[in-house]
Amino acid sequence: DPNDPGTGGKDKNPPKVKLIAPKQKLKKLPKVLRVKLRCNEACTGQVKVKGKGGIAFAGKVDLTAAGVATLKLKPKAKVKRKLKKLALRGLRSKRKLALTATANVKDRAGNAATAKLKFKVGR
C-alpha cells in the first residue's frame with residue numbers, strides 16, 4: 001500500500017482537504033459552530049475559524065480513514081458574550097457575520113495540506 005509508510009512505499013502526495021460550512025443561524029453561534037472537513041485519506045490536524053472583532057473558534061480533527069468529520073466548535077466565554085451581542089444586534093438589522101475557516105492537516109506520512117473557506121452566518 002503506497003499510503004502506508006511502514007511497507008516501504010513512500011507517500012509523497014498531500015491529502016486532499018475540503019471544508020464545508022452548513023447553513024447556520026447567528027443566534028446559535030454562542031453555543032456551537034458546525035464545520036465539516038472532508039479528507040481523501042486518514043488525516044489529523046486543526047481547524048480555526050476567525051471573524052471580525054475577535055470572533056474565534058478552534059478545534060482538532062482526527063480522521064482514521066478517508067471520509068468526513070463533523071466538528072462542533074464551541075466558543076470561549078469572552079467570545080460567547082460578543083456573539084450574544086452580535087446576535088441581538090443582527091436580529092434587529094439584516095446583518096450577516098463573515099467568517100473564515102482554515103484547516104491545517106497532515107496524513108500519516110507527514111504530508112501537510114491546507115484548506116480555506118469563507119462563509120457567512122445569517123440572522
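The values are calculated or read from the model by the stated rules, or taken from the named source; none is laboratory data. As the structure is a computational prediction, the values presented were derived from the model and not from experiment. As a convention, Cβ positions derive from the backbone with ideal geometry for all residues, glycine included, and neighbour counts pool all protein chains shown.
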Task: Only one of Arg108, Arg89, Arg123 that is of a type in the set (Lys, Arg) and free of Cβ contacts under 8 Å to residues at least 24 places away in the same chain - done: Arg89
TODO: Would you mind finding the one in Leu83, Leu99 that is surrounded by 15 or more Cβ atoms within 10 Å (Cβ to Cβ) and either on the phi > 0 side of the Ramachandran plot or in contact with a Gly (Cβ under 9 Å, 6 or more places away or on another chain) (or both)?
DONE: Leu99
TODO: Please find, within the stretch 57-69, the residue that is farthest from Val121 (Cα to Cα) out of those that are surrounded by 14 or more Cβ atoms within 10 Å (Cβ to Cβ) and under 11 Å from the mean Cα position of the chain (by Cα).
DONE: Val61
Open item on the list: Looking at Gly67, Gly54, can you tell me which residue is modelled with pLDDT of 90 or more and at positive phi?
Closed with: Gly67
Task: Filter pass, Ala77 being small (Gly, Ala, Ser), on the phi < 0 side of the Ramachandran plot and surrounded by fewer than 18 Cβ atoms within 10 Å (Cβ to Cβ) - done: yes
Task: Whichever residue in the stretch 27-42 is farther than 15 Å from Leu73 by Cβ and touching a residue at least 60 places away in the same chain (Cβ under 8 Å) and, among such residues, is surrounded by the most Cβ atoms within 10 Å (Cβ to Cβ) - done: Cys39
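Every residue in the stretch 1-28 that is modelled with pLDDT of 85 or more and in contact with a strand residue (DSSP E or B) (Cβ under 6 Å, 6 or more places away or on another chain), please.
Within the stretch 1-28, the first condition is being modelled with pLDDT of 85 or more, and the residues that meet it are 12-25, 28.
Within the stretch 1-28, Pro14, Pro15, Val17, Lys18, Leu19, Ile20, Ala21, Pro22, Gln24 qualify.
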TODO: Being within 15 Å of Lys106 (Cα to Cα) and not hydroxyl-bearing (Ser, Thr, Tyr) is the filter here, so list the residues in the stretch 20-47 that pass it.
DONE: Leu37, Arg38, Cys39, Asn40, Glu41, Ala42, Cys43, Gly45, Gln46, Val47
- [ ] Considering (1) at negative phi; (2) surrounded by 14 or more Cβ atoms within 10 Å (Cβ to Cβ), say which one Gly45 fails and leave the rest.
- [x] (1)
Open item on the list: Tell me the residue from Lys118, Lys48, Lys96 that is under 15 Å from Gln24 (Cβ atoms) and either of a type outside the set (D, E, K, R) or at pLDDT 85 or above (or both), please.
Closed with: Lys118
